[in-house]
Amino acid sequence: MSHQTRFLEELNVALKIRVKKLNERLYEQQAVKRNTPPPPPPPPPPPPAEEKNDDAAAAEEDEIELEFELLGHPVKIPKPPKLPAMPDWLRAVVEYRFPSSIDPFTDLIYVIWLFFVVAAWNWNVWLIPVRWAFPYQTPENIHLWLMVDYTCDLIYITDILVFQPRLQFVRGGDIVCDKKDMRENYMTTERFKMDVVSLFPMEIFYYFTGVNSLLRFPRLLKYMVFFEFNDRMEAVMKKAYIYRVIRTSTYLLYSLHINACLFYWGSDYEGLGSTKWVYDGRGNAYIRCYYFAVKTLITIGGLPDPTTVFEICFQLINYFVGVFAFSIMIGQMRDVVGAATAGENYYRACMDSTIKYMNSYNIPREVQNRIKTWYDYTWKSQGMLDEQELLVQLPAKMRLDIAVDVNYAIVSKVALFQGCDRQMVFDMLTRLKSVVYLPGDFVCKKGEIGREMYIIKQGEVQVVGGPDLQTVFVTIRAGSVFGEISLLAGGGGNRRTANVKAHGFANLFILDKKDLAEILVHYPESQKLLRKKAKKMLTKDKKPEEKEGGGAKEAVEVIPPRPETPKLFKAALKVTEQAGIEGTFTRLKKTYKPSEGTAQAPTSISPVPPPSPTHHRSPVPLASVKDEDDAVAETVDSSLVIRMSPQQEGEELLTVEVTAGEEEKDEVKTAEE
């Protein structure tokens, strides 16, 4: 018990001392605060432990740990820096996969490859003769010549192994794309045999003859690729005749090139400078020999006369070949230029024929000038006078494809044809005709019968009016349509309601009403829709008073009442009655009205002519049988003939013929007296 008491007393003393020290420390801190300025704001709290872990993980990711250890520690190396983003064109090249089959007519990559193959072939064609004849191949530069030669051989091999076995071909009307079939097809062609022969390794004879360029002569047998490249270039280029002119000129230059090489070889065989005829060895050898070839093949003349038998034979062959070669080249050049200018020649011929026709009929000069302007503008804007003449040569499917590409964007904007069958619109595109109007030409005039719809392809037209037709109401620009209601309106609704003339040169598409009718026969639903739209447009365009007046139809008299009897005729009747002569009308009255007892008989004092008949006709005609012949009714009196002629809608036309007899003639004569 005493031990516990002693422990509690010591603990109490220790706590008092602890509390005293804390009080002193607090007092000192308060004193320091009074004598010092306020402290700065506390620093931001340290990042949480998770972020530290992320930074550590990122630092570890930036390092690559190797599989082996060095002195008991794993080896780590920093990762290489990230590369910048790859450009689109470079990514396309890297991600490109060589096609399993190639269309030789449409694939651009094949045309590009043919360019490299033709370049390798031209290297051999042009430089093999030069290296054989001229001393340009020396031991100092032989390695450069061989490097280019073997590069061309590599292009040949790549063409045989990679490109040619992948070319598509047509068999039985089907395009074959199978790898095995394409490879077998290539191996059975004549081209494969020539390609293999062109790579025959005659270079093995270099060990016996040295590097002789003539041993590479088989490389020239790959000539088929040159003609194929020509065909592809003519198909790709917009103006193929330019390429044809360049190619024909190249043929002439190559023939001069071969002759220059042969002349230098002949001069070296005879000895340079040995005679006046051979090359004397001064100046540039190739230029001097090429100049000699030009003067020889083109037969310019002015060359030294050959002296030896070899020189004479060589020059005879030169002249003989030159005449044929030069004439052939000139003929080809004429054909190329003629084909290039065939369209312009046709235009000139049409222009001359038209001018001759106008002069023969003395057409006014103003009209002739407008026709010449039309020819000139049409040719410059379209490159042809009649598009249909060109398109008629194509199949219907190709004509439709061209028409869709050229005209569908414009026709699809026409509100009248929206909602119609798409195939009907396609058929309509092939019927559009292009017409050029000159400035001031009237496209249509008010009151004309509308048989066409107009689509403005290029230019502007104006709706004009006024007493002198000079007031412009509205201007219609390219892409707009007018006159479409006239295609479907009938009766009087197909008349033009405005004057439209071209503001400048205007190129319009025209759709004829007859062509549209032929198309709508096959599309009855579209025909109903078009008629409904046309009816709404016509109702919308009518004036308010026309709409109000059009609701009630006025009654029309089919048989109008007989006009009042002339006074002179009444006097004549009165004279005949007084004289006791019974006229034709009196007998007619007795014949048709014998039973009327209440009718007052005319007296001699006051004769009254018969009253006008009253006709009651129903507004709705009754259906009746229509006979081919007129119904004829005759009275007892042969001088009166009544005819009933059937008309449309069940109506009949009443005709009364009165034949004057001899007695009546006497009565009339007496009345006149």
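Could you tell me the calculated FRET efficiency between D405 and Y150, based on Cβ-Cβ distance and R0 = 41 angstrom, to the nearest 0.05? All intermediate terms of the calculation are to be shown ahead of the outcome.
Details: r = 48 Å, r/R0 = 1.17.
E between D405 and Y150, to the nearest 0.05, is 0.30.
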How much length is gained if the chain between I246 and I449 is pulled fully straight, taking 0.36 nm per residue apart and subtracting their Cα-Cα distance, in nm to one decimal? 67.5 nm
Sorted by packing (mean other beta-carbon atoms within 10 Å per residue), highest first, where do 184-195, 247-258 land? 247-258, 184-195
Report the residues of segment 239-278 in range of a label on I287: point 7 Å along Cα→C-beta, backbone N strictly under 18 Å from it. 257, 260-261, 264
Using packing as a proxy for protection, rank 91-101, 401-411 so that the peptide with the highest average count of other Cβ atoms within 10 Å comes first. 401-411, 91-101
Karplus ³J(HN,Hα) for segment 512-528 (6.51 cos²θ - 1.76 cosθ + 1.60, θ = phi - 60°; Hz, whole; x = Gly/Pro) runs 7, 5, 5, 5, 5, 5, 5, 6, 5, 4, 8, 9, x, 5, 5, 5, 4
Fewest-first ordering of L488, L220, L262 by Cβ atoms within 10 Å yields L220, L262, L488
I need the shape label for segment 97-236. Rule: rounded when a/c is under 1.5, else prolate if a/b > b/c, else oblate, with a, b, c from the alpha carbon gyration tensor. prolate
So what J values fall out for segment 127-143 if you push phi through Karplus, 6.51 cos²θ - 1.76 cosθ + 1.60 with θ = phi - 60°, rounded to Hz, Gly and Pro as x? 9, 4, x, 5, 5, 6, 8, 8, x, 8, 9, 10, x, 6, 10, 5, 5
What are the residues whose amide H is under 5 Å from the amide H of N499, where those residues sit 5 or more places off or on another chain and H is modelled from the backbone? K446, V464
Members of K446/K528; K397/K532; K413/K457; K513/K533; K501/K535; K433/K457 lying beyond 21 Å, as alpha-carbon distances in this model show: K446/K528; K397/K532; K501/K535
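So if we plug the beta-carbon distance of T275 and D231 into 1/(1 + (r/R0)^6) with R0 = 60 Å, what FRET efficiency do we get, rounded to 0.05?
Numbers: r = 47 Å, r/R0 = 0.78.
Efficiency computed from Cβ-Cβ geometry: 0.80.
Calculate, in nm to one decimal, what R365 and I157 gain on full extension: separation in residues at 0.36 nm each, minus their alpha carbon distance. It would help to have the intermediate numbers written out before the result.
Details: separation 208, 0.36 × 208 = 74.88 nm, distance 7.00 nm.
Difference between extended and current length: 67.9 nm.
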Rounded to the nearest Å, what's the spacing between the alpha carbon centres of segment 282-350 and segment 172-187? Just the number, please. 44
Residue exposure sequence - M237, M358 - by fewest surrounding Cβ within 10 Å: M237, M358
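Order 138-144, 275-281 from most to least packed using the mean count of other Cβ atoms within 10 Å.
Numbers: 138-144: 9.0, 275-281: 16.6.
Top of the packing list down: 275-281, 138-144.
Exposure proxy check: R288, R348 ranked by fewest other beta carbons within 10 Å? Could you put the intermediate results ahead of the total?
Working: R288 17, R348 13.
In increasing order of surrounding Cβ atoms, one gets R348, R288.
Could you tell me whether segment 387-543 comes out rounded, prolate or oblate from its Cα gyration tensor? Rule is a ≥ b ≥ c as square roots of the eigenvalues, rounded for a/c under 1.5, then prolate if a/b exceeds b/c, otherwise oblate. Don't jump to the answer; show the numbers that get you there.
Values: a/c = 2.12, a/b = 1.24, b/c = 1.71.
Since a/c reaches 1.5 but b/c is at least a/b, the shape of segment 387-543 is classed as oblate.
For segment 387-543, calculate the relative contact order in percent as a whole number, restricting contacts to Cα pairs under 8 Å that are 6 or more residues apart.
Working: 269 pairs, mean separation 45.7, N = 157.
It rounds to 29 percent for segment 387-543.
Coordinate-derived values only; no laboratory data. Quick caveat: nothing in here was measured; it's all calculated off a predicted structure. Methodologically, a virtual Cβ is constructed for each residue, glycine included, from the backbone with ideal geometry; neighbour enumeration extends over all protein chains shown.
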